[in-house]
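Input: a single structure, listed below in structure tokens.
Each value in this text was obtained by applying a stated rule to the coordinates, not by laboratory testing. This one's a predicted model, so the numbers in the text were calculated from it and none came from an experiment. Cβ coordinates were reconstructed from backbone atoms using ideal geometry, including for glycine residues, and neighbour counts include every protein chain displayed.
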Amino acid sequence: MEIDKVTYYDLSIFNNEEEYSLLHRINFCKTVGGAERLQYLLTHPLRSEKEISQTQEAIRQLEGLLQQWPAEITNGTLLVLEKFYGYPFDKIPNSHSPVPAYLYMVFDTPDYGLVRYTVGHFMDFLKGMYRLLQLLKQEHHSLLLQNIVTEAEKLMKPSVIQHLVAEKSKKMTPAKMLRYGHYLRYEFKQEAEKLMHLYHRLDAYYSMAMAVQQFNLHFPTVKEQEEPLIQAHGLYHLLLQTPVAYDVTLNPQTNFIFLTGANMAGKSTFIKAVGCAVYLAHVGMGVPAQSMELSLFDGLLSNIQVQDNIVKGESYFFNEVQRIKNTVLKITDGRKWLVLIDELFKGTNIQDAMHCSTAVIKGLLKIKNSLFILSTHLYEIGDELKVYPNISFRYFETTATEEQLQFSYQLKEGISNDRFGYLILKREKVVEMLEKL
């Protein structure tokens, strides 16, 4: 699925304030390399039902192994191994005689200490990998994991590595320890780097499985079909601590949601919740919904947090227009897109915004191969759009009692004409502050 940098930012998949990002929320990786691999997976959404299914199978299999995950492999251990291969050692001796080992201890004391320390961490890593491979071999559901196991077993096949895995204690003679160090340094470097890379891959999938379990996510049904579809029950936003769930249906018969409601009523959250769920489905993850069925999408585009560009002399409105223009150019290619638009044309006056918004919406309604969710405060243009059979009108209700606002965050059918901007200004004591100036 194609997704651009603007959409990644709009949906908070990645965020400058890391704790507010989707990546941070689902990152349970034990190693830095695993976290980097997880980020790679999130920047490469899958493009086929088969790839998504294989990833789902891998995550399901790992869910059953989370409590048995080997504790021997830590981020510190892998950092030691990486340092070992980058350190400028004097030649490590490879002799059964104790004399070269003794001389190395005396004249290359720092190098000897690092070799001894690294061999111990290598034992931890290899023993952990061996135990993990045995766990993964107990079940044979995931082809993706089977391929990793097969490749890792080949890398660990040399007799020296098998002997190191079988070692009962890290306390060994200096000569024996240095022979292991010599082999690992000069004969096993490429294999060790590949093995660490395989562990990072497993660590990333471990993180995804942990997120599925921790947040009670459910795997969606993703279908390769001609018609676009989103059918979700109990869908919510994963970044919220106490989310409200929604039911969402979009299909060729009703492929456009016209969303209204007051500020803070929940429009943006709803749009982002749908976008994040569709995105997670396309990386093979579980989704924050009781159930979800959707078509495989070719792309996901958002128009939520448009910014001006002072350096280029571009206004907010100009960049809004450019984003819409680029969106139209992309989604008229005959492929299936999910398009999310929050508050069209905020950078111009109301009458101009109404005219521009109506023109854009009428044009988008002609595109039947994509799905659209558009929120707006311009409820007045809704009446003119009711003649189109493929548009659905939804709103979030807000009630006011004694200058207090109550948000139900419930998605209802119809168009909202709520305007509570001045009431919010009064509630936050801004009007009172200004009157006292």
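Give me the net charge for the shell around T358: Cβ to Cβ below 12 angstrom, other residues only, Lys and Arg +1, Asp and Glu -1. Display every interim value, and only then the final one.
Values: positive: K362; negative: D352, E380, D383, E384.
With Lys, Arg at +1 and Asp, Glu at -1, the neighbours total -3.
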Quiz item: Between the range 331-365 and the range 10-72, what is the C-alpha centre distance in whole Å?
Solution: 33
Quiz prompt | Theoretical gain in end-to-end length, D4 to K83 [0.36 nm per residue, Cα-Cα removed] | solution = 24.9 nm
Quiz item: Cα-Cα over 26 Å: which of K83/K137; K50/K137; K83/K171; K194/K223; K336/K386; K30/K137?
Solution: K83/K137; K194/K223
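Taking the range 201-301, which GluC sites (Glu not before Pro) meet the DSSP loop condition and have no more than 12 other C-beta atoms within 10 Å?
Sparse-neighbourhood loop GluC sites (Glu not before Pro): E224, E226.
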Practice problem: Sum up the charges of everything whose Cβ sits under 12 Å from the Cβ of S95, counting Lys and Arg as +1 and Asp and Glu as -1, but leave S95 out. | Solution: +3
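Would you compute, from DSSP H runs of 4+ residues alone, the mean residue ellipticity of the chain at 222 nm, taking -39500 (n - 2.57) per run and dividing by the full residue count, rounded to the nearest 500?
-15000 deg cm²/dmol
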Quiz item: Which of rounded, prolate, oblate describes the range 28-123, given a ≥ b ≥ c as roots of the alpha-carbon gyration tensor eigenvalues and a/c under 1.5 marking rounded, otherwise prolate only if a/b is larger than b/c?
Solution: prolate
Practice problem: Please go through the residue pairs K91/K168; K127/K176; K5/K189 and name each one whose alpha carbons sit more than 30 Å apart in this structure. | Solution: K5/K189
